[in-house]
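Taking it in order: structure first as structure tokens, then the write-up.
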Amino acid sequence: MGITLPEALLLAFFLETLFYGVFLTLYWLTLVILLKKCGIQRVLFIPVATLLLCIATAHLIIDLVRALEAFIFSVYTIGANTYYSNLASPLELAKTALYITQPTIADAVLVWRCYVLNDRSLLVGILGCIVLLTNAVIGYYVVWSLSRAGMGSTVYSTVPGLISTFYILTMLISVICTSLISWRIYRHSKSDGPAAFLPVLIVVVESGILYATSVLALLLAFLTGSNGQYPAMDIGPPIVGIVFCLIILQVHFHIGNNAQPNSSPKSFSNLFGEQGEQNVGHGMEPTAMHITEDMGIIQFDVMRSQRFSGDDC
């Protein structure tokens, strides 16, 4: 027996709350790290992470209000099933618009990272922007179509083709951009030493797989007509934020704490389009390599085995 609509949305609210708690924790850890960074990391990534958190928070608040309406305030008038079946409800439209906005923002950062890492290729940038904008237009058109849906309508009778297209394009953006970034890292690892680049490759692939898998689960649930699509959809906003923060945190803690002392600053700077920095003084200290996300990509800042002075900024 399939799960009913009220049961699916109640489960969705529980899972969304759980994943939101994970996202909130990772956000504060990421914020502490980014506040110690300079330049584009503070200018871009802090606002993006904060915006993703605000969208996830608004999405969760809307689901809380809807749950209260369905199971408490309107339970004896229209019932939970009828309440949730109203696709044109303002709160339903608002949460759907937020769901579309969240991955659009994250995918925009991913496309930009891919563009920068691939030597600022216009082909990559233009094609990525076209696909991204097309997906956003499709998503917001779906919201407009839902606003005109009458009572008794379902998501399967309201532009189901466009809904499937949105999920597929979202997944393809993640897979293709992750593949291009991974290929770029792999290419340089062959000449500059795989040991140094392998951790970065693992971080990129793991994050891309997590994001793409969540969208794939949602797509399969939708295509099979299962109400399980609602839990998969409602965990989407916090999942997007979790993936965004995980890249920064894994690079900072996992890779940075396992740096190789013989890494070449030249190879890293060549790969990521930045100049390596050397701070020269007197005396010797152990080498430290910090890997951070800079210019939308993972930049390596290798500090040589000399004593250095001054702040990071």
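The values are calculated or read from the model by the stated rules, or taken from the named source; none is laboratory data. All values derive from a computational prediction rather than experimental measurement. Cβ sites come from the backbone with ideal geometry, for glycine too, and all protein chains shown count toward neighbours.
Residue count for the range 118-148 under the criterion of being touching a Leu at 6+ places or on another chain (Cβ under 7 Å) and in contact (Cβ under 8 Å) with a residue 60 or more places away in the chain: the result is 1.
Scanning the range 75-85 for residues that are surrounded by fewer than 17 Cβ atoms within 10 Å (Cβ to Cβ) and under 23 Å from ARG148 (Cβ atoms) yields ILE78, ASN81, THR82. Can you name the residue in the range 102-131 that is surrounded by 21 or more Cβ atoms within 10 Å (Cβ to Cβ) and out of contact with any Gly (no Cβ under 6 Å at 6 or more places or on another chain) and, of all such residues, is farthest from ALA56 (Cα to Cα)? If we take residues in the range 102-131 being surrounded by 21 or more Cβ atoms within 10 Å (Cβ to Cβ) and out of contact with any Gly (no Cβ under 6 Å at 6 or more places or on another chain), then LEU117 is farthest from ALA56 (Cα to Cα). Among the residues that make up the range 17-39, is at least one of them surrounded by fewer than 16 Cβ atoms within 10 Å (Cβ to Cβ), closer than 21 Å to THR104 by Cα and at pLDDT below 90? No, that holds for no residue.
Cβ-Cβ distances below 6 Å connect the following pairs, each with a first residue in the range 1-25 that is of a type in the set (Asp, Glu), a second residue that is assigned to a loop (DSSP other than H, G, I, E, B), and a separation of six or more residues or different chains: GLU16/ILE235. One residue is enough: does the range 143-151 have a residue meeting the conditions of a type in the set (A, V, I, L, M, F, W, C), surrounded by fewer than 15 Cβ atoms within 10 Å (Cβ to Cβ) and either outside any helix (DSSP H, G or I) or at pLDDT 90 or above (or both)? Yes, because at least one residue in the range 143-151 is of a type in the set (A, V, I, L, M, F, W, C), surrounded by fewer than 15 Cβ atoms within 10 Å (Cβ to Cβ) and either outside any helix (DSSP H, G or I) or at pLDDT 90 or above (or both).
Is it the case, given these coordinates, that THR170 is in contact with a Ser or Thr (Cβ under 9 Å, 6 or more places away or on another chain), among the polar types (S, T, N, Q), within 25 Å of THR134 (Cα to Cα) and at pLDDT 85 or above? Answer is yes for this residue. With respect to (1) touching a residue at least 24 places away in the same chain (Cβ under 8 Å); (2) outside any helix (DSSP H, G or I); (3) small (Gly, Ala, Ser), the lone exception for SER157 is condition (1). For ILE138, the conditions (1) modelled with pLDDT under 95; (2) crowded, with 18+ Cβ neighbours inside 10 Å are fulfilled apart from (1). With respect to the conditions (1) part of a loop (DSSP other than H, G, I, E, B); (2) hydroxyl-bearing (Ser, Thr, Tyr); (3) modelled with pLDDT of 85 or more, SER263 falls short on a single one, namely (3). For ALA196, the requirement of being among the aliphatic types (A, V, I, L, M), touching a Ser or Thr at 6+ places or on another chain (Cβ under 7 Å), modelled with pLDDT under 85 and crowded, with 17+ Cβ neighbours inside 10 Å is met.
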